[in-house]
Amino acid sequence: MAGLATTFGSGAMTNSINEITNDAQLLMLIGTNTTEAHPIIGYKMRQAARRGAKLIVVDPRRIDLAEEADYWLRIKPGTDIPFLNGLMHIIINEDLHDKEFIEKRTENFELLKETVKNYPPEYVSSLTGISVEDLYAVARLYATTDRAMLFYTLGITEHICGTHNVMSVANLAMLTGHLGRPGTGVNPIRGQNNVQGACDMGALPNVYSGYQKVTDPAARAKFEKAWGVELPGSNGLTIPDMFEKAHDGDVKAMYILGENPVLTDPNSNHIRAALENLEFLVVQELFLTETAEYADVILPAASFAETDGTFTSTERRVQRVRKAIKPVPGQTNWQTLMALSARMGYPLSYRNPEEIWMEMASLSPALAGITYERLEECGIQWPCPSCEHPGTPCLHGATFSHGKGLFQGIDHIPPAEMPDEEYPFLLSTGRILQHYNVTTPYSTGIQSLWSEELSELHPQDAAKLQVETGDKVKVSSRRGELTTKIKVTDRVPPGMIWMSFHYTASPANALTSAGLDPITKTGEYKVAAAKIEKI
Amino acid sequence: MIDLIKLYINGKEVEVPAGTTILKAAEQIGIDVPHLCFEEGLSSVGACRLCVVEVKGARSLVASCAAAVAPGMVVETHSPDVMEARRTILDLLIANHPLDCLTCEKAGECKLADYCYEYGIKETTFKGEKHAYPVEITNPFIVRDMNKCILCGKCVRACAEVTGQNTLDFAYRGFNSMTTPAFEDELVESDCVFCGQCVSVCPTGALTEKQMQGKGRRWDYEKVKTTCPFCGTGCNFDLCVKDGELIGVTSHTGSVVNNKALCVKGRFGWDFVKNERRLTTPLIKKDGEFVSASWDEALELISSRLGEIKEKFGPNSFAALSSARCTNEENYLVQKFTRTVMGTNNVDHCART
């Protein structure tokens, strides 16, 4: 999100999901296997493509939507920046950029022009593995289509250059004026049900709710007044830094609500060691997860079906969550947090989640107009500054959040670790349709059909290793090893092994890279070097 | 500007945009025309003929779900001829439909039963052969009873037009016609993604949710609209509750992002909530083993240990991980707790991971 915040002034999906089928004439997907990770959005993309919208899929894997695509570009992992710069090089050379939009709405165009000058199609083709012909065709098609939407997910962000990847995507949209109108925009599809909301609520080390900076004295003073305490004025620790500091002994105690970093964070052996090193760990969870095993105290959590509240979806839509059954542990999570706060000398007196929401909204201008009553039918998309405001389906209509959009000059940053003689395979990871980061292994039906990892391996590599679908292999990296069954398929290119991160028995994150995006601290889940041995 | 067209339905004047079907025009003035194969959001095929209406001057009855309005059209939706045609259609449909409504999973939400009730069709006058297909129960999500299929084709269109998977289609002709995956494979053998769109549109008991079998009659369910806890799309659905127990998930028609569509996780993955391995009481680790504790005991231990650590090592020795799976309100409280009580900005969640 830092990338979009730098360019546009705010980091969120600029447009809305229903514009895929209602407005867009072209969809370009970079690093998003949408039919599996966000099925309903993926289904809409397929509907749009079948009704005549152009579909461009940029992905190393032959994902389902590649089958529907007008162009499927099998990009080499970690070469998104040269690819995007290459498109912009062609667009500028052929005078297809939107000069009016650039003039009125952006700054720094000359910098971009200078940078992308160094990315001629032949050079880009050699880096990305995409043919010169396809680069020209896609550049022209995207630039000359009036309503074109860009989508990406973790295939763009889970790289050491994730933030720069995002800025490059934003550069491309600004260069062609594909912003601020229905059927356009830069659209990161958020992975988890309330990842947008958790950010909006200030569950981040640098901002309060509504993205008000903790380092801004005025914002801090406002929250100090509302909360009646003095607040710390410097940014806190990000997740990787928390574990680093726990490892070093500076962080002594942690409270982890509904997260399982041992399974989901990169380089899990490092996470285990950090948790081991804590003096005191509280985990509040539905199940005894890999992470909860390390806890000193486990608090049972209530599930989504057991509480009232709200989630905010990837299109910034705040929607109601409603209590259907009694909380299994006897109390909801907000009640638990209130009880703990009171015991530690800071009593809270919310009678229900609506009162929590109203306090938050009163302190957060972008959400100030949203009430539970207004959410009843179909939710509201923020920004929604007042009770009369209808919400905002499409951002950046007339201006960007910080006035003008800033072009960034961005050069290629190769992945932190690439295959070599010792670890000749490129390991990439992601999500599959049937599973989610948590909870799905506890669904009887889902677990009965999809209970174990099937890592994807190209037929050529399978032949060399003399393995077939269903065989077990040992996969190792510089950080760990595991065994997994494989599926032989040309979904992956030769030289790649692709794994999901869902299975305790084949925990892909024991292998993933320690490389981090220096700005967002996102792990490089998409590229690591690995070795495969038949067992 | 779209042209407005004026017509008369059951003597009432109505004005609708050109291209509107007679069915939708009738709906607009509160006239309910029965239909089995029509579904909002899917293409109209006019297959079941139940929606036929009389159009003055037309040679025969017209399928209102597929026919567009015309200027000055005079329509009767419940004339004697129309009623007779509908009764005959229903009579034909139940000629080859098991009348085991007493024990049918779909009882209460079966459109065929509703219309037979409305049009007074108790039994068929056409005696003949009946299907005796085995009921498919081999996957954990969808029960397929093709004996109850009326060949409306909504499942086929939902699979093709909503999910785009094209797993189901019609096979064979005449009496042997059926909707099926290729080669009459079972769903588990096909490339079905178990989104259950077919189940959500099926008007009879042909396709039902396996998890809900035998758990209660449809009219007993309390339906609670909520937002899906898997992925960031923000689909809505109904949680079905009976006697305080979660029974299943059904589509909430008209949901703003997804209408009736869901994926395998949203529609069928909800049962993690009732998994017997759910934690029900606080646990405290004593000598390496987790021991059940009361809320009081656990919260007291947490507050004293966190208090001590803050006292001894300072606020920044504490860090909280909030959750992208929890509600906004819970996230707000975690960051508020961390900042006010613990005095540190060390709070984050897995937006990065």
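Taken together, the values in this text are just the output of simple stated rules run on the coordinates, not laboratory data. All values reported here derive from a predicted model rather than from experimental measurement. Counting neighbours? That spans all protein chains shown, and the Cβs are built from the backbone with ideal geometry, glycine included.
Overview of results
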| quantity | calculated |
| --- | --- |
| Residue with peak Gaussian network fluctuation, chain B [Cα springs, cutoff 10 Å], from B:Gly196, B:Gly153, B:Gly314 | B:Gly314 |
| All-pairs alpha carbon distance profile, the stretch A:1-121, 10 Å steps from 0, percent | 12, 33, 40, 15, 0 |
| Spacing of the two label points (7 Å from each Cα toward its C-beta) at A:Glu100 and B:Glu308, in nm | 7.0 nm |
| Along each principal axis, Cα extent of the stretch A:148-295, largest first, Å | 54, 41, 29 |
| Cleavage-rule hits (trypsin sites (Lys or Arg not before Pro)) in the stretch B:269-331: DSSP loop, at most 13 neighbouring Cβ within 10 angstrom | B:Arg277 |
| Relative contact order [Cα under 8 Å, 6+ residues apart], chain A, whole percent | 18 percent |
| Antiparallel %, DSSP beta bridges [both residues in the stretch A:2-189], to 5 | 0 percent |
| Of all DSSP beta bridges in the protein assembly as shown, antiparallel share, percent nearest 5 | 60 percent |
| Rg(Cα) / (2.2 N^0.38 Å) computed for chain B, rounded to two decimals | 1.34 |
| Sequence-distant lysines (8 or more away, or on other chains) whose Cα lies within less than 16 Å of B:Lys24 | B:Lys6, B:Lys12 |
| For the stretch B:68-159: Kirkwood Rh in Å [reciprocal of mean 1/r, alpha carbons] | 15.6 Å |
| Cβ-based exposure ranking for A:Ile325, A:Ile90, in which fewest neighbours within 10 Å come first | A:Ile325, A:Ile90 |
| Taking B:Thr226, B:Thr125 and counting other C-beta atoms within 10 Å, the order from fewest to most | B:Thr125, B:Thr226 |
| Estimated vicinal HN-Hα couplings, Hz - the stretch A:366-379 in sequence order (Karplus 6.51, -1.76, 1.60; Gly, Pro = x) | 5, 10, 4, x, 9, 10, 4, 4, 6, 7, 3, 7, 9, x |
| Evaluated at q = 0.08 Å⁻¹: base-10 log I(q)/I(0), Debye formula over Cα of chain A | -0.54 |
| Label-point separation in nm, B:Ile29 to B:Lys127, each point 7 Å along Cα→Cβ | 4.5 nm |
| Shape box of the stretch B:1-122 [Cα atoms, principal axes, largest first, Å] | 52, 30, 22 |
| Rg over Rh [alpha-carbon atoms, Kirkwood Rh] for the stretch A:425-534 | 0.97 |
| Of A:Lys326/B:Lys274; A:Lys245/A:Lys526; A:Lys44/B:Lys210, those spanning more than 18 Å from alpha-carbon to alpha-carbon | A:Lys245/A:Lys526; A:Lys44/B:Lys210 |
| Convex hull per residue volume in Å³, alpha carbons only, for the stretch A:219-284 | 119 Å³ |
| Members of A:Lys54/B:Lys265; A:Lys222/B:Lys310; A:Lys213/B:Lys336; A:Lys474/A:Lys521; A:Lys252/B:Lys310 lying beyond 19 Å, as alpha-carbon distances in this model show | A:Lys54/B:Lys265; A:Lys222/B:Lys310; A:Lys474/A:Lys521 |
| Shielding by other protein chains, A:350-361, mean Cβ within 10 Å | 3 |
| Interchain or long-range residues, amide H under 5 Å from B:Val52's placed H | B:Ser64 |
| Estimated FRET transfer efficiency when R0 is 45 angstrom, pair A:Asp490-B:Tyr8 (beta carbons, to 0.05) | 0.15 |
| Scattering profile of the stretch B:161-288 at q = 0.14, 0.16, 0.19 Å⁻¹ [log10 I(q)/I(0), Debye over alpha-carbon scatterers] | -0.74, -0.90, -1.16 |
| Additional length obtainable on full extension of the chain from B:Glu15 to B:Thr103, 0.36 nm per residue less Cα span | 27.2 nm |
| Choice from B:Cys65, B:Cys326, B:Cys155 showing the highest fluctuation, given a GNM over chain B with Cα pairs closer than 10 Å | B:Cys326 |
| Sites A:Glu533 and A:Ser234 - FRET efficiency at Förster radius 51 Å, r taken between beta-carbons, to 0.05 | 0.60 |
| Within the stretch A:292-316: backbone nitrogen closer than 19 Å to the B:Thr280 label point (7 Å, Cα to C-beta) | A:298-307 |
| For B:Ile247, distant residues with modelled amide H under 5 Å away | B:Cys240, B:Val241, B:Lys242 |
| P(r) tail fraction, the stretch A:195-381 - alpha-carbon pairs more than 22 Å apart, % | 55 percent |
| DSSP-defined antiparallel bridges as percent of all bridges, the stretch A:195-381, nearest 5 | 45 percent |
| Proxy reagent accessibility, fewest Cβ within 10 Å first, across A:Glu453, A:Glu533 | A:Glu533, A:Glu453 |
| Candidate aspartates and glutamates - alpha carbon under 18 Å from B:Lys223, same-chain residues fewer than 8 apart omitted | A:Glu306, A:Asp308, A:Glu376, A:Glu377, B:Glu105, B:Glu109, B:Glu209, B:Asp238, B:Asp243, B:Glu245, B:Asp271 |
| Other-chain or far-sequence residues with amide H under 5 Å of A:Asp308's (modelled H) | A:Lys323 |
| Fluctuation leader among B:Ile309, B:Ile142, B:Ile150 - chain B, Gaussian network, Cα springs under 10 angstrom | B:Ile309 |
| Label-point separation in nm, A:Ser349 to B:Asp287, each point 7 Å along Cα→Cβ | 4.6 nm |
| Förster radius 45 Å - calculated FRET efficiency between A:Lys225 and A:Ala514, Cβ distance, rounded to 0.05 | 0.60 |
